[in-house]
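Here's the structure, in structure tokens; my notes come after.
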Amino acid sequence: MDGILSNFCPEWVFGICAAQTAKDFLSTNNSIISISKKFSIGLSEKYNEIRFEEVTDVAEKLLQFLSEIGAGEDAIIYLNDYIHFRTNFKSSGGERKLSGIFSSGFDGQKIKEYSSEQSVKVFKAIIFRLRNDTIPKASPGWIITDTEDIDWLGEVFSREIELF
């Protein structure tokens with residue numbers, strides 16, 4: 001089996017990119033598709049191809065959920081807190097190690113663990129925990145590039161939108 005075939009994006013990386021897509025859609029004048037393409041290109045440089053439609057689908061579902069719970073102007077805060085939590089902590093609550101001698105939180109997966117259904121399920125669970133103050137929230141003004149060892153992913157988040 002060719003190594004590239006078993007280099008799937010970790011679910012947490014895909015999830016935070018979809019959340020950032022939703023956040024950028026709410027806070028900029030860019031279309032959700034152009035934002036999704038930025039993340040699709042960036043992630044596909046590191047992992048097996050991720051189609052922009054996959055990112056768009058999840059971002060739209062996150063926005064729909066935030067609308068259903070009446071997040072209103074707090075939607076951007078929820079999205080940022082979600083990105084902060086997923087970047088710094090595993091779903092179990094343990095600290096996420098982004099770099100290490102033998103492995104990294106960015107290591108590709110042998111099987112595709114992310115999907116629209118899975119990413120939305122994790123998002124809903126984390127938003128519920130955030131609303132109940134059971135997990136840490138981002139400090140005011142936090143952005144992903146503040147995270148130590150965020151490396152190439154911080155660069156993808158910081159990229160400008162390309163006009164296609």
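Residues that are among the hydroxyl-bearing types (Ser, Thr, Tyr) and surrounded by fewer than 21 Cβ atoms within 10 Å (Cβ to Cβ) were ranked within the range 77-106; the one that is nearest to the chain's Cα centre (by Cα) is Ser91. Sub-9 Å Cβ pairs linking a first residue in the range 16-33 that is farther than 16 Å from Ile77 by Cβ and assigned to a loop (DSSP other than H, G, I, E, B) to a second residue that is among the charged types (D, E, K, R) and modelled with pLDDT of 95 or more, at least 6 apart or interchain, are Asn30/Asp24; Asn30/Lys38, ordered by first then second residue. Among the conditions (1) without any contact (Cβ under 8 Å) to a residue 60 or more places away in the chain; (2) touching a Lys or Arg at 6+ places or on another chain (Cβ under 6 Å); (3) within 16 Å of Cys9 (Cα to Cα), Ile76 misses just one, which is (3). Of all the numbered requirements in (1) of a type outside the set (Lys, Arg); (2) in a loop (DSSP other than H, G, I, E, B); (3) within 18 Å of Asp74 (Cβ to Cβ), Glu160 misses one, and that requirement is (3).
Take Arg131 and decide whether it is touching a Lys or Arg at 6+ places or on another chain (Cβ under 7 Å) and not small (Gly, Ala, Ser). Give the derivation first.
Working: touching a Lys or Arg at 6+ places or on another chain (Cβ under 7 Å): no; not small (Gly, Ala, Ser): yes.
Criteria not met by Arg131.
Checking the structure you have, find out if any residue of the range 143-150 is β-branched (Val, Ile, Thr), under 22 Å from Glu49 (Cα atoms) and in a loop (DSSP other than H, G, I, E, B). Yes, that holds for at least one residue. Of all the criteria given as (1) more than 14 Å from Thr21 (Cα to Cα); (2) surrounded by 15 or more Cβ atoms within 10 Å (Cβ to Cβ); (3) charged (D, E, K, R), the one not satisfied by Asp133 is (2).
Mind telling me which of the residues Asp57, Asp107, Asp2 ends up being modelled with pLDDT under 95, more than 17 Å from Val156 (Cβ to Cβ) and among the acidic types (Asp, Glu)? Write out each step before concluding.
Details: Asp57 fails: modelled with pLDDT under 95; Asp107 fails: more than 17 Å from Val156 (Cβ to Cβ).
Result: Asp2 is the single residue among Asp57, Asp107, Asp2 that is modelled with pLDDT under 95, more than 17 Å from Val156 (Cβ to Cβ) and among the acidic types (Asp, Glu).
Within the range 107-137, the set of residues being part of a helix (DSSP H, G or I), under 15 Å from the mean Cα position of the chain (by Cα) and free of Cβ contacts under 8 Å to residues at least 60 places away in the same chain comprises Glu117, Lys121, Lys124, Ala125, Ile126. Note on the range 50-76: among residues that are outside any helix (DSSP H, G or I) and more than 16 Å from the chain's Cα centre (by Cα), the one that is nearest to Pro140 (Cα to Cα) is Ala71.
The values are calculated or read from the model by the stated rules, or taken from the named source; none is laboratory data. Just so you know, these numbers come straight off a predicted model, no measurement behind them. Virtual Cβ from ideal backbone geometry, glycine too; neighbours counted across all protein chains shown.
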